Amino acid sequence: MDMMKVAATEKPSLSSPSALASTIKFIQIPKSETFLQPTLEQTRQTHALMVKTHFNETKFSPSAQFNFLITSYTKNSQPHSALDIYTYLRRMDYEVDNFMVPAILKACSFVSNTQLGKEIHGFAVKNGLTEDVFVSNALIQMYSECDSVVSARLLFDNMYERDAVSWSTMIRCYVRSKLYMEALEMIRKMQVLQIRPSEVAMISMITLFADLMDVEMGKAMHAYVTRNLEKMGFQLTTAFIHMYAKSGNLASARLLFNGLNQKTVVSWTAMIAGYIHCNKLEEGMKLFARMIEERIKPNEITLLCLVVECGFVGALELGKQLHVYILRNGICSSLALATALVDMYGKCGETRNARAVFDSVKDKDVMIWSAMIAAYAQTHCIDQAFDLFVKMRENGVRPNQVTITTMLSLCAESGALDMGKWVHTVINRQAVEMDTILKTALLEMYAKCGDIDGAWKLFKEVKDRDIGMWNTMMAGLGMHGCGKEALELFSEMEREGVRPNDITFIGLLNACSHAGLVEEGKLIFEKMVHAFVLVPKIEHYGCMVDLLGRAGLLDEAYGIIKSLPIRANSIIWSALLAACKLHHNTVLGEMAARQLVYLEPQNCGYNVSISNIYAVANRWNDVAEVRKAMKNKGMRKEPGLSCIEVNGYVHEFIMGDKAHPEIEKINDMVSEMGNKLKEAGYMADTSAVLRNIDEEEKETALNYHSEKLAIAFGLISTAPGTPIQIVKNLRVCKDCHTATKLLSKIYQRVIIVRDRKRFHHFRDGNCSCGDYW
């Protein structure tokens, strides 16, 4: 019996050099033969024996033995042990050859250690190992899995020789990073160079078309495979099932699935996940039940895929059923599966269940911490998210780019500037790798938290700006009413040769709208269509309606709607309705409201808007009718909510709030504010109170609007001269706008308010919007 057969049938005791040689044989055999991977325990025993015998007691060279250990530790999910061996080899000046480098790079990928990966890359270049295509492909794969796409492409472009694996690895790299256009360009180059794709490359392409949900490209790929392969393999068939299902073509997916002679757990998983992805939950569960009836036991990957899809479509009940199945069947929930459950519950708004799963995991990695933080962020549980982030760092878990981006987005949405600055400090202290996405998230945080100067400073420091960063900066300037500055930045972008996209022009048109730059906005729209040959989307037309409507050009705005090449949707009509409310055009407002109620009958906001238009026109009977209809449908008006960050905590207020622990002090400050406002000549604008009550009641109601309560709390909780920053979920009313201007002068405070549409910077009795909002 030869050595391989012995290895396959007997577990070596590893007590002798011959047993050691037998174990090493596990990974020395050709790939075409059956291969049995040593367990972690066997690997550790072998390692101990190698150390004991000083790597001299087998027929294999020390290099082969070290290669065995590195590969085996990596395959047994112990990459740190593999990297420790590599570090030892370099320190002891042992030879590291072209067979060993790919295994070490795989270990780097496992732990996302880009720095060590780059060091190994430098070593490979210095020793001429990159001339081996196998080594170069492994380097591309390492950079891909460490999210260093630029490094991967640079290496690809400078390769001495490329094979089909090089191309497929680079395509997978782009797909993994969601750089779909770049991946498509790689496919086109392969076609031009007449490089026949391997099956792995074909699967990468099919995955790309699935992510793009481009069923036509997928069909073309299907036709290519049918023409060029005698028989389509199982993996390709499963990839096509996934592609068709994700693109919404369930009929084609099911046809392929039914045509499989032998269905494995992978094909069942692809088909069931497809049903869930398309929100065909009942069909998905029926197929899942049939799979179990046919004695195909779902594995961890199956359950992982299905739980992820449940999170994607918000299928909470189905997700719970899968969780129950996992528990009842005693399936050992791995870290990946537990993370998927946390993510699913978080996306469905069930933070309690998410936390229960999270707490049940003993050895938590950065991904599950990030998933739980994202779950809190999803439900706007700001304090819980920050407390968990702090706890994560206390537990010695280093945040990654996903964690940091989630935290920055949460700060941006809640207007928590101090928290955002603290996260920025964490980035610098822990040397978190700053890619363009993270830099853009940081820039957006500063802009959305009211510090447009901080955003601008960061923008100027960045050298490798992509279109996303330019767009974010222009949109930020627009939100702060800096329309002219946004246009100047656009001109600078053009000079630098950066081509704008459709999002660029949405930001610019909004900037013109907030600043009242009507003619400039018209020119930008024309430039988009004629100079850059971009087809306007519904969002661009919505911006134009908003631009004209806000300026009082209602007939011109309505004229755009009537001449639209596509049917107007809620974006268009809501822009017109807001303009009609602003300029008291009841007739046009009624028409816009009717269209909106027809398009989105369950949207309470549109009913409230038409009710307000009626109230301004003193049509109280019509107001009563609208409100009665809303009550009968179970609709409730979204309450005004204002947030203020003080000492690292975000405090929320609603109109007439009585729940805050310091409400008595707040009410005393509200009274003081009211007296000082009257002394300054302030007269309450009761037109903002759209209820049929007497004037005194209206004035009292105005005093306790949520933003005034937030300002009062800011005044009693911060030192004199400290800026007060507030985020409101609705548009600032006219009375609060007037009052806040005066309060900024009376108390000598800069007061920054972000409402639903834009920023207002109040200073010395003036507002940055110039009363144009």
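The table for this structure:
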{"read-out": "For the stretch 209-282, alpha-carbon Rg relative to the globular expectation (2.2 N^0.38 Å, N residues)", "value": "1.03"}
{"read-out": "Gain on full stretching of the segment that runs from Glu662 to Gln430 - 0.36 nm per residue minus C-alpha separation", "value": "79.8 nm"}
{"read-out": "Cα-centre dipole for the stretch 389-446 with unit charges at Cβ (Lys and Arg positive, Asp and Glu negative), debye to 20", "value": "200 debye"}
{"read-out": "Cα-derived Rg to Rh of the stretch 641-767, Kirkwood definition", "value": "0.93"}
{"read-out": "Pairwise FRET efficiency - Leu564 versus Phe532, Cβ, R0 = 22 Å, nearest 0.05", "value": "0.60"}
{"read-out": "Accessible area per residue, Å², the chain with all protein chains present, probe 1.4 Å", "value": "49 Å²"}
{"read-out": "Selected from Thr504, Leu487, Val597, residue furthest toward positive end of dipole (the stretch 441-633; charges at beta carbon)", "value": "Val597"}
{"read-out": "Candidate lysines - alpha carbon under 26 Å from Lys52, same-chain residues fewer than 8 apart omitted", "value": "Lys11, Lys25, Lys75"}
{"read-out": "Sparse-neighbourhood loop sites, GluC sites (Glu not before Pro) in the stretch 492-548 - DSSP loop, at most 12 other Cβ within 10 angstrom", "value": "Glu496"}
{"read-out": "Overall form of the stretch 571-634 per C-alpha gyration tensor (a/c, 1.5; a/b vs b/c)", "value": "oblate"}
{"read-out": "Spherically averaged projected area of the stretch 245-392 from its Cα convex hull (nm²)", "value": "8.9 nm²"}
{"read-out": "Selection of GluC sites (Glu not before Pro), the stretch 263-340, meeting DSSP coil and at most 11 other Cβ within 10 Å", "value": "Glu294"}
{"read-out": "Portion, in percent, of the accessible area of the chain that falls on carbon or sulfur, probe 1.4 Å", "value": "52 percent"}
{"read-out": "Cross-link partners of Lys280 among lysines (Cα-Cα below 17 Å; sequence separation of 8 or more within a chain)", "value": "Lys246, Lys320"}
{"read-out": "Within the chain, helix-based [θ] at 222 nm, where runs of 4 or more DSSP H residues each add -39,500 (n - 2.57), nearest 500", "value": "-20500 deg cm²/dmol"}
{"read-out": "Percent breakdown of C-alpha pair distances by 10 Å bin, ordered from the shortest bin, for the chain", "value": "2, 10, 17, 23, 21, 13, 8, 5, 2, 0, 0"}
{"read-out": "Under 26 Å from the Cα of Lys637 - lysines, other chains or at least 8 residues apart", "value": "Lys347, Lys448, Lys581, Lys628, Lys658, Lys698, Lys708, Lys728, Lys734, Lys757"}
{"read-out": "Dipole magnitude of the chain, debye to nearest 20 (Cβ charges: Lys/Arg +1, Asp/Glu -1, about Cα centre)", "value": "1300 debye"}
{"read-out": "Listed residue (Ala617, Leu408, Ala340) projecting farthest to the positive dipole end of the chain, Cβ model", "value": "Ala340"}
{"read-out": "Equivalent ellipsoid, the stretch 398-536 (semi-axes from 5 times Cα gyration tensor eigenvalues, Å)", "value": "29, 16, 12"}
{"read-out": "Evaluated at q = 0.07, 0.08, 0.13 Å⁻¹: base-10 log I(q)/I(0), Debye formula over Cα of the stretch 441-633", "value": "-0.25, -0.32, -0.75"}
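The values are calculated or read from the model by the stated rules, or taken from the named source; none is laboratory data. No experiment lies behind these values; they were computed from the predicted model shown. Note that we place each Cβ from the backbone using ideal geometry, even for glycine, and neighbour counts take in every protein chain shown. Accessible surface areas use protein heavy atoms only, side chains included; no ligands, DNA or RNA. Shrake-Rupley method; radii C 1.70, N 1.55, O 1.52, S 1.80 Å.
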